[in-house]
Amino acid sequence: MNWLIDFFGDAANWSGPDGIPARILEHLEFSAAAFLIAAVIAVPLGLLIGHTGRGAFVVVVSANAARALPTLGLLVLVVLLIGVGTVLPVLIPLVVLAVPPILVNTYEGVRGVDADLRDAAYGMGLRGRQVLFQVLTPSALPLILLGLRLSAIQVVSTATVAAFVGLGGLGRFIIDGLATKTYSDVIGGAVLIALLALAVQLGFTLLNRVVVSPGVRQVR
Amino acid sequence: MITFEGVTKRYPDGTVAVDDLSLQAPTGAITVFVGPSGCGKTTSLRMINRMIDATSGRILLDDQDVRAIDPPTLRRGIGYVIQQAGLFPHRKIVDNVATVPYLLGWDKKKARARAMELLELVGLDSRLAGRYPFQLSGGQQQRVGVARALAADPPVLLMDEPFSAVDPIVRASLQEELLHLQSELHKTIVFVTHDIDEAIKLGDTVAVLRVGGHLAQMAGPATLLSEPADDFVREFLGKDRGIRRLSFVPAKGVRLGSTPADLVVDEDTRPLGWRSNGGLLPYGTFDPERDSLRAALDAALLSPNGTAIAVDGDGRVIGVATRDALDEVLAQHATGPDEQAREPDGEAPVTDPKRAES
Ligand SMILES: Nc1ncnc2c1ncn2[C@@H]1O[C@H](COP(=O)(O)OP(=O)(O)O)[C@@H](O)[C@H]1O
Ligand SMILES: [Mg+2]
């Protein structure tokens, strides 16, 4: 408890380029960039594979890779390959981490739509694309959002690694704190990351209320 | 008119679901495809709106080969109702009904107004319009399915076991509703069912299919009951064909006698019961203008004295049909000798088929 008071009670921790607000902002920047890139790749891909039924192996490979690949190892690899100094070494591993949950859940969401519903949609005279966007996507939305949420939470938690390659973010408190044995910083940083993850969770819960039709939300 | 010309469907795995099927579904009438499970009813139906394409042969809508029309365009002009309703779960009922009008580019206001009209037409409370499908009972969803199929006023309606998943009471009311709608709308309807009673109740024409996608017989329901083409059809029709046959004979021809003194009526001359030392005995009524001979016979069996009470549209007594009077009509409708000869079990239909068709 004392450590928390030391960390959050210290006025110096609240201002300047290494203060809490600045670090949170940096952290969110990496996370948001990685998350958005992943979403732009994985959502359309998941929709397409789920709709056409072609390329399902991509989903399987991605799901397995997610379990097998250590993010930190990937970070080191990318740094070795392209060096430090840009955000790329951080972004690449984060995107790789963020894609599978979105891809898998979007795919499963679309594929899991009741065959009769899909059939009725075609039977009414919807074209393939209309079936995808007017029927499959709205029905799959709860799962798509679940994938996005899992992904966002992982990214926010893992963006800590940016600090390993000299970039900012909340990881700095942890890395620097460990280096200088300032454990209040380590714990304060960890708590902030946990709070961010919680905020993401809350954000998605609200988003779910707004974008998912009550007709679909109730059924699941 | 929908015409099948030598239509065959062979699935990629080699199953021949429909084999050289030729038949016509007349305009403005209900044609029922009936047969045991797996006999190719669904496949036949779905070849009409090209949810499935035939392997060979042609299907004509009026005079146009359906293969010449782009499937989504074709389907927007054909109402389609399936067993599980298949409503879009994320859309409100009103928007579900307006699906095809939206696809056809109607403006939203007009499409919704049309949808509200249809909800009323199929007997749904307008308050349901703002609900989602999961908030409706199975029977209500099925009505919405029918409303959705009718929304853009297509001349043709395809229905694949639309009432099979609801309980018998709801099913009966949905069937009545469909007949009522049809009496106003005169659509060309192809209706698929495995239930022969449903087929006989709804069909103007009934096509009995046997497994392998062969047409066993195609006839009006009365003819089907009195003249099944072969043992398969006879067996499929089930028991009591003779009695069921009477449903197609109007009760109009029954000779009515004057109201006997022991029939107690109220001040509006509606029947109350048969007088019997102090108490009232049960009775049965029929309306000669609307009911069938079967209903008249049923009414007679409900009265202890075997006399059926004839009533008008308002339920007022207009006379009675004694057992003798009913017997006279039954005799007129007894089966001819050639038909009896074909009955191995002596379960002969009661009616002259030629009369029944008129
Ligand atoms: N997609 C398919 N692939 C292979 N066989 C099929 C397919 N759909 C239906 N069948 C087969 O074709 C036959 C007719 O099926 P169907 O038209 O669904 O019959 P029904 O609607 O009368 O029960 C059955 O033997 C069924 O197993
Ligand atoms: Mg079927």
quick note, chain B, DSSP beta bridge pairs, % antiparallel (nearest 5) is 60
Given just the C-alpha atoms of the range B:45-192, how large is their convex hull per residue in cubic angstrom?
114
Identify, among A:Asn13, A:Tyr122, A:Gly188, the residue whose Cα sits farthest towards the positive end of the charge dipole of the range A:2-217, taking +1 on the Cβ of Lys and Arg and -1 on the Cβ of Asp and Glu, with the dipole about the Cα centre.
A:Tyr122
Among B:Val233, B:Val81, B:Val265, the residue with the largest mean-square fluctuation in a Gaussian network model of chain B built from Cα contacts under 10 Å is B:Val265
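So which DSSP H runs in chain A come out at 27 Å plus along the axis (Cα) with average Kyte-Doolittle of at least 1.0? Before the final figure, lay out the partial values.
Working: long enough: A:20-52 (47 Å, 1.47); A:88-111 (34 Å, 1.45); A:137-158 (30 Å, 1.29); A:183-211 (42 Å, 1.64).
For chain A, where a helix must reach 27 Å along its axis and average at least 1.0, the hits are A:20-52, A:88-111, A:137-158, A:183-211.
Which net charge results for the neighbourhood of A:Glu26, defined as the other residues with beta-carbon distances under 14 angstrom from its beta-carbon, given Lys and Arg at +1 and Asp and Glu at -1? Show your work: numbers first, answer last.
Values: positive: A:Arg23, A:Arg172; negative: A:Asp18, A:Glu29, A:Asp176.
Within the 14 Å Cβ shell, the charges total -1.
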Could you work out the mean projected area of the convex hull around the alpha carbons of chain B, in square nanometres to one decimal?
22.1
In Å², and per residue, what accessible area does the range B:60-137 have when probed at 1.4 Å with the other protein chains present?
46
Tell me, what is the percent relative contact order of the range B:74-227, built from C-alpha pairs under 8 Å that lie six or more residues apart?
25
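Where nothing but the Cβ of Lys and Arg (+1) and of Asp and Glu (-1) is charged, how large is the charge dipole of the range B:251-335 around its Cα centre, in debye to the nearest 20? Intermediate results must be reported in sequence, preceding the final value.
On the way: 8 positive and 13 negative charges, 38 e Å.
With Lys and Arg at +1 and Asp and Glu at -1, about 180 debye.
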In a Gaussian network model of chain B with springs linking alpha carbons closer than 10 Å, the residue among B:Pro271, B:Pro155, B:Pro260 that fluctuates most is B:Pro260
Once you average over the residues of B:284-291, how many Cβ atoms of partner chains fall within 10 Å of each Cβ?
0
Per-residue ellipticity at 222 nm for the protein assembly as shown, helices alone: DSSP H runs ≥ 4 residues times -39500 (n - 2.57), over residue total, nearest 500 deg cm²/dmol?
-15000 deg cm²/dmol
With Cα springs under 10 Å, the Gaussian network model of chain B assigns the largest mean-square fluctuation among B:Arg143, B:Arg316, B:Arg210 to B:Arg316
Taking amide H positions as placed 1.01 Å from N in the peptide plane, with prolines and chain starts having none, which residues 5 or more places from B:Val18, or on another chain, fall under 5 Å of its amide H?
B:Lys9
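Filter the cross-link list B:Lys9/B:Lys108; B:Lys9/B:Lys109; B:Lys41/B:Lys239; B:Lys41/B:Lys109; B:Lys187/B:Lys252; B:Lys109/B:Lys187 down to pairs whose alpha-carbon distance in this structure exceeds 32 Å. Mind dumping the intermediate values first?
Details: B:Lys9/B:Lys108 40 Å; B:Lys9/B:Lys109 42 Å; B:Lys41/B:Lys239 23 Å; B:Lys41/B:Lys109 38 Å; B:Lys187/B:Lys252 28 Å; B:Lys109/B:Lys187 26 Å.
Violating the 32 Å limit, Cα to Cα: B:Lys9/B:Lys108; B:Lys9/B:Lys109; B:Lys41/B:Lys109.
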Residues in the range B:280-302 near a label at B:His180, defined as backbone nitrogen under 19 Å from the 7 Å Cα→Cβ point?
B:287, B:290-292
Cα-only Debye scattering, chain A: base-10 log of I(q)/I(0) at q = 0.17 Å⁻¹
-1.13
Can you grab the distance from the C-alpha centre of the range B:149-178 to the C-alpha centre of the range B:92-113, Å, no decimals?
20
Please work out the Cα center distance from the range B:7-86 to the range A:77-145, rounded to the nearest Å.
35
Could you sort B:Lys110, B:Lys92 by their accessible area in this structure, using a 1.4 Å probe and putting the largest first?
B:Lys110, B:Lys92
Using the charge dipole of the range B:6-75 (Lys, Arg: +1 at Cβ; Asp, Glu: -1 at Cβ; taken about the Cα centre), state which of B:Leu61, B:Pro26, B:Gly14 has its Cα farthest towards the positive end.
B:Gly14
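Counting Lys and Arg as +1 and Asp and Glu as -1, each charge on the Cβ, what is the dipole of the protein assembly as shown about the Cα centre in debye, to the nearest 20? Intermediate results must be reported in sequence, preceding the final value.
Details: 53 positive and 61 negative charges, 449 e Å.
That gives the protein assembly as shown a dipole magnitude of about 2160 debye.
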Give me a single rounded figure for B:48-61: the average over its residues of other chain Cβ atoms within 10 Å of their Cβ.
1
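Among bridges DSSP assigns within the protein assembly as shown, what percent are antiparallel (round to 5)?
On the way: 30 of 51 bridges.
That works out to approximately 60 percent antiparallel.
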Run the dipole for the range A:1-143 about the Cα centre, Lys and Arg Cβ at +1, Asp and Glu Cβ at -1, nothing else charged, and hand back the magnitude in debye, nearest 20.
640
Roughly how large is the A-B contact in terms of buried accessible area, totalled over both chains, probe 1.4 Å, nearest 100 Å²?
1900
Could you state the accessible area per residue of the range A:60-147 in Å², with a 1.4 Å probe and every protein chain left in place?
43
In chain B, what percent of the accessible surface is made up of carbon and sulfur (1.4 Å probe, ligands and nucleic acids excluded)?
50
For chain A, which whole-number percentage of the solvent-accessible area (1.4 Å probe, protein heavy atoms only) is attributable to carbon and sulfur atoms?
69
Got the relative contact order for the range A:2-217 handy, in percent, Cα pairs under 8 Å and 6 or more residues apart?
26
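Divide, for the protein assembly as shown, the radius of gyration over alpha carbons by 2.2 N^0.38 Å, where N is the residue count. Present the calculation step by step, with values, prior to reporting the outcome.
Values: Rg = 35.2 Å, N = 578, 2.2 N^0.38 = 24.7 Å.
With N residues counted in the protein assembly as shown, Rg over 2.2 N^0.38 Å equals 1.43.
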Select from the range A:106-120 all residues whose loss of accessible area on going from the chain by itself to the full protein assembly reaches 40 Å² or more (probe 1.4 Å).
A:Asp116, A:Leu117, A:Asp119, A:Ala120
Among B:Leu103, B:Val156, B:Ile189, pick out the residue whose Cα is farthest towards the positive end of the charge dipole of the range B:70-201, where Lys and Arg carry +1 and Asp and Glu carry -1 on C-beta, about the Cα centre.
B:Leu103
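The values are calculated or read from the model by the stated rules, or taken from the named source; none is laboratory data. Values in this document were obtained by computation on a predicted structure and should not be read as measured data. Ideal geometry is used to build each Cβ from the backbone, glycine not excepted, and the neighbour counts take in all protein chains shown. What goes into the accessible areas is simple: the full protein's heavy atoms, side chains included, and nothing from ligands, DNA or RNA. Shrake-Rupley method; radii C 1.70, N 1.55, O 1.52, S 1.80 Å.
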